[in-house]
1. Would you say GLY107 is in contact (Cβ under 8 Å) with a residue 40 or more places away in the chain, under 22 Å from ARG53 (Cβ atoms) and not hydroxyl-bearing (Ser, Thr, Tyr)?
2. Tell me yes or no: at least one residue of region 168-175 is on the phi < 0 side of the Ramachandran plot, of a type outside the set (Asp, Glu), without any contact (Cβ under 8 Å) to a residue 40 or more places away in the chain and crowded, with 16+ Cβ neighbours inside 10 Å.
3. What are the pairs, 6+ residues apart or on separate chains, where a residue within region 31-52 that is at negative phi has its Cβ under 7 Å from a residue that is modelled with pLDDT of 95 or more and among the acidic types (Asp, Glu)?
4. Farther than 13 Å from GLY23 by Cβ, buried (at least 18 other Cβ atoms within 10 Å of the Cβ) and not assigned by TED's automatic domain parsing to the domain that holds ALA114: is that true of LEU59 in this structure?
5. Please find, within region 50-93, the residue that is farthest from THR15 (Cα to Cα) out of those that are aliphatic (A, V, I, L, M) and touching a Phe, Trp or Tyr at 6+ places or on another chain (Cβ under 7 Å).
6. Could you tell me whether any residue of region 77-90 is among the hydrophobic types (A, V, I, L, M, F, W, C) and at pLDDT 95 or above?
7. Being assigned to a loop (DSSP other than H, G, I, E, B) and basic (Lys, Arg) is the filter here, so list the residues in region 151-178 that pass it.
Amino acid sequence: MTLPLPPATTPFHLTPAEARVLGTLMEKARTVPDSYPLSLNALLLGCNQKSSREPVMELSEADITTALDNLQALNLVRQASGSRVARYEHNFQRGVGVPEQSAVLLGLLMLRSAQTAGELRLNAERWYRFADISSVEGFLEELQDRADDKGGALVVKLPRAPGTREQRWMHLLCGAVDAASYTAPSAGGAAASGGLVERVAALEAEVAELRRTVQYLCTELGLSPPGQT
């Protein structure tokens with residue numbers, strides 16, 4: 001039986017290091033479940049990886065140990081039992097009192113900084129498959145309109161940056177956001193857009209190759225290619 005999640009009634013502000021540690025644990029729980037919970041060394045590598053991070057950080061073991069201690073005190077991280085090596089797992093969804101979809105969006109914002117709803121949907125593919133962008137926007141709006149007795153808003157919709165069509169969202173887990181610092185598209189957002197272009201080009205090439213293969217087989221079998229009579 002699934003128990004209802006308790007609401008978070010005490011606001012907290014994470015440091016950038018704590019947000020990176022927490023987001024990394026949330027990511028690896030979904031993308032590499034066989035290696036989860038994470039050892040300190042694995043967590044260090046995940047926090048400092050160059051891909052899917054904005055900004056890229058160079059945290060030390062001491063930084064991560066301090067962050068883990070503080071996150072455990074907030075009931076957002078716990079040490080897993082049954083292992084000779086200390087391993088850690090997040091308790092974000094229950095600790096903050098949000099549904100799974102909202103936790104995914106907050107985790108992505110902690111790791112990749114401000115993103116549009118479209119970028120969040122794309123980047124969430126390995127975590128959770130949202131049906132469409134409107135579904136992402138619905139959960140973001142719920143997080144923005146979160147009641148004060150549950151801890152208040154956890155995200156904010158940023159003003160539209162010059163030259164962009166979509167507004168981006170940012171989490172508030174590290175405190176208030178300076179909107180002026182987000183007036184230009186983030187490096188993470190640019191990387192996501194570039195990655196999408198590359199994926200579309202690869203798919204187009206694959207479709208073209210499949211089309212040539214089908215045409216060849218039809219010729220060999222004396223059949224008309226699909227779409228021709």
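1. So GLY107 passes the test.
2. Yes; the residues of region 168-175 include at least one that is on the phi < 0 side of the Ramachandran plot, of a type outside the set (Asp, Glu), without any contact (Cβ under 8 Å) to a residue 40 or more places away in the chain and crowded, with 16+ Cβ neighbours inside 10 Å.
3. Close Cβ pairs satisfying both conditions: TYR36/GLU89; PRO37/GLU89; LEU40/GLU61; LEU44/GLU61; ASN48/GLU58.
4. Here the answer is no, as LEU59 does not meet what is asked.
5. ALA80
6. Yes, that holds for at least one residue.
7. Residues satisfying the conditions are ARG160, ARG165.
Okay, residues lined up against (1) charged (D, E, K, R); (2) over 26 Å from TYR182 (Cβ atoms); (3) over 17 Å from the mean Cα position of the chain (by Cα):
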| residue | (1), (2), (3) |
| --- | --- |
| MET26 | no, no, no |
| ALA29 | no, yes, no |
| PRO33 | no, yes, no |
| LEU43 | no, yes, no |
| SER52 | no, no, no |
| ILE64 | no, yes, yes |
| SER81 | no, yes, yes |
| ASN91 | no, yes, no |
| SER102 | no, no, no |
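The values are calculated or read from the model by the stated rules, or taken from the named source; none is laboratory data. On a predicted model such as this, the values are computed, not experimentally measured, just so you know. We place every Cβ from the backbone using ideal geometry, glycine too, and count neighbours over all the protein chains shown.
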